[in-house]
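Visitor: Below you'll find the structure I mean.
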Amino acid sequence: MAKEFIFGNAKVIVNSPLADMTKEERKEFFRTEWDKGNPVLREIAQAAHDCLRSQVTAKLEKYS
């Protein structure tokens, strides 16, 4: 159930059933949870959206 990743000098260990799923299984899991209105998944999506929006805004301000 755990999967290890190395990023530079950091080791990341993911303890989640998602780590053992195939790409298609994960895709179906997220689609099902999104359709059920999973509030945690929606908050994560909103946070990612907000982060991307702030990065685009910062780049636009830099070049204007």
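Visitor: So which residues in the stretch 31-57 are open to solvent by less than 60 Å² (accessible area, probe 1.4 Å) and either touching a residue at least 12 places away in the same chain (Cβ under 8 Å) or of a type in the set (Asp, Glu) (or both)?
Guide: Once the filter is applied, which keeps residues that are open to solvent by less than 60 Å² (accessible area, probe 1.4 Å) and either touching a residue at least 12 places away in the same chain (Cβ under 8 Å) or of a type in the set (Asp, Glu) (or both), the stretch 31-57 yields only GLU33.
Visitor: Within the stretch 1-12, can you find the residues that are open to solvent by less than 90 Å² (accessible area, probe 1.4 Å), aliphatic (A, V, I, L, M) and modelled with pLDDT of 90 or more?
Guide: Step one: filter the stretch 1-12 for residues open to solvent by less than 90 Å² (accessible area, probe 1.4 Å), giving 2-3, 5, 8, 10, 12.
Cutting the leftovers down to aliphatic (A, V, I, L, M) gives us 2, 10, 12.
Within the stretch 1-12, ALA10, VAL12 meet the criteria.
Visitor: Are any of the residues in the stretch 46-63 outside any strand (DSSP E or B), among the aromatic types (Phe, Trp, Tyr) and under 14 Å from the mean Cα position of the chain (by Cα)?
Guide: Residues of the stretch 46-63 outside any strand (DSSP E or B): 46-63.
Checking the rest, the ones that are also among the aromatic types (Phe, Trp, Tyr) come to 63.
Then keep just the ones that are under 14 Å from the mean Cα position of the chain (by Cα); that gives none.
No; the residues of the stretch 46-63 include none that is outside any strand (DSSP E or B), among the aromatic types (Phe, Trp, Tyr) and under 14 Å from the mean Cα position of the chain (by Cα).
Visitor: Where residues in the stretch 13-30 are among the β-branched types (Val, Ile, Thr) and without any contact (Cβ under 8 Å) to a residue 12 or more places away in the chain, which of them is most open to solvent (accessible area, probe 1.4 Å)?
Guide: Filtering the stretch 13-30 for residues among the β-branched types (Val, Ile, Thr) gives 13-14, 22.
Applying the additional criterion that residues be without any contact (Cβ under 8 Å) to a residue 12 or more places away in the chain yields 13, 22.
On the way: ILE13: 91, THR22: 75 Å².
Checked the stretch 13-30; the qualifying residue most open to solvent (accessible area, probe 1.4 Å) is ILE13.
The values are calculated or read from the model by the stated rules, or taken from the named source; none is laboratory data. The model shown is predicted, which means the values in this text are computed figures rather than measured ones. Glycine also receives a Cβ, built like all others from the backbone with ideal geometry; neighbour counts cover every protein chain displayed. These area figures cover heavy atoms from the full protein model, side chains too; ligands, DNA and RNA do not enter into them. Shrake-Rupley method; radii C 1.70, N 1.55, O 1.52, S 1.80 Å.
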